[in-house]
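One structure is given below, encoded as structure tokens.
Bear in mind that the values in this text are calculations on the coordinates, not laboratory data. Here the structure is a predicted model, which means the values were calculated and not measured. All Cβ positions, glycine included, derive from the backbone under ideal geometry; neighbour counts span all protein chains shown.
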Amino acid sequence: MRKLILAGLAAAGGAAWLAASPHAGFSGSRTVEIGLGTPTRVIARTLEEQGVVRSQYLFLLARAIRPSAVLKAGEYRFEKAASAIEVFDRLVRGDVHYHRLQVPEGSNIFDVARIAEESGLFRASEFLKAASDSSLVRDLDPAAKNLEGYLFPSTYRVTKQTTADQLCRMMTEQFRAVWKQVAPTGSPRPHEAVTLASLVEKETGAAHERPLVASVFRNRLNRAMPLQCDPTTIYAAMLDGRWRGKIYRSDLDHAHPYNTYRHAGLPPGPIASPGKAAIEAALAPPPSNFLYFVAKPGAAREHNFSATLSEHERAVAEYRNGASTNQAKPAPASTGRTQPGRS
């Protein structure tokens, strides 16, 4: 019993001494990455080399006092002086540094893969492989071939240890949360709504236009008119690895299932990740008689909506005249037979 008491007093005294020795051998901030399974002695030496602790032996003393504690791998950012025991406690808590991964509305799986790779998380190919497995949404969409449309666009807190599978799970869980908020009780599975919402999201960047774009597509579907949605043509070319940065006549004529110039109805699945507003618009498009839309000349991301082909053709002519005057680039979004900027 006496030995236990003495050992306890020694441990308490050592902890108190460690806590009274804050150190910062760096200026600004210092980031230290601890790999999975790294031995304590290697961690201690790294922390000393980076100026986070005064001596590696102080960190090892903290380990001796708490031999059963588990040090968690991750990226740690240190910005102020801390004692060896405080640093040790941070690694035990797993108080790692989080990165903000921002996925904009309308991003497709290729965009998310690129964003993740550029953020230093993992290779784009790893994400594309993970996103090709539709099991995370099979209960929602049995027809889904991959996770396209269900990787909800948002800002995510990730670490350098976040895997492609984990990111896919985070994003699909966020989709589920949003779907639960917006879908009325008894709504069917989201396949059709999310597919339509993805087209709406890609066709306009103006929030107030989303309901009108959804109404155009709904009206065309009800009349068995082809949607003639440019982003589906682009997506088809991307899936085939033949996208060249602009739409060519060969793209419009290509008999790909996602090309809504060649096939009536919705494409087989979503072409991107729609945001909440686009999903809401797709679930309840407002009544309208519009069947066409084309970009307004000189208007940032806004469109003219038309009920008849003759009205649409006048709007297209107005766009072309404005584009010629302003030397603007052709608009990528236009629904109807008369398409500006095609070759």
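Summary of values
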{"quantity": "Column: log10 I(q)/I(0), Debye, Cα scatterers of region 99-182, q = 0.15, 0.17 Å⁻¹", "calculated": "-0.47, -0.61"}
{"quantity": "Under 5 Å, built H, 5+ apart or other chain: amide partners of residue 243", "calculated": "238"}
{"quantity": "Fraction of the pair-distance distribution of region 191-335 above 27 Å, Cα-Cα pairs, percent", "calculated": "16 percent"}
{"quantity": "Least to most buried among 93, 210, 262 (fewest other Cβ within 10 Å first)", "calculated": "93, 262, 210"}
{"quantity": "P(r) of region 187-231 over all Cα-Cα pairs, binned every 10 Å from zero, in whole percent", "calculated": "27, 57, 16"}
{"quantity": "Scaled radius of gyration (Cα, divided by 2.2 N^0.38 Å) that the chain gives", "calculated": "1.38"}
{"quantity": "³J(HN,Hα), Karplus 6.51/-1.76/1.60, whole Hz, each residue of region 137-148, x for Gly, Pro", "calculated": "10, 4, 5, 7, 9, x, 8, 5, 8, 7, 9, 4"}
{"quantity": "Cross-link partners of residue 145 among lysines (Cα-Cα below 24 Å; sequence separation of 8 or more within a chain)", "calculated": "129, 180, 202, 276"}
{"quantity": "Shape of region 10-93, Cα gyration tensor, a/c cut at 1.5", "calculated": "oblate"}
{"quantity": "Max mean-square fluctuation residue, GNM over the chain, Cα-Cα springs under 10 Å, options 238, 171, 225", "calculated": "238"}
{"quantity": "Of the DSSP H helices in the chain, those whose Cα atoms cover at least 24 Å axially and whose Kyte score averages 0.5 or more", "calculated": "2-19"}
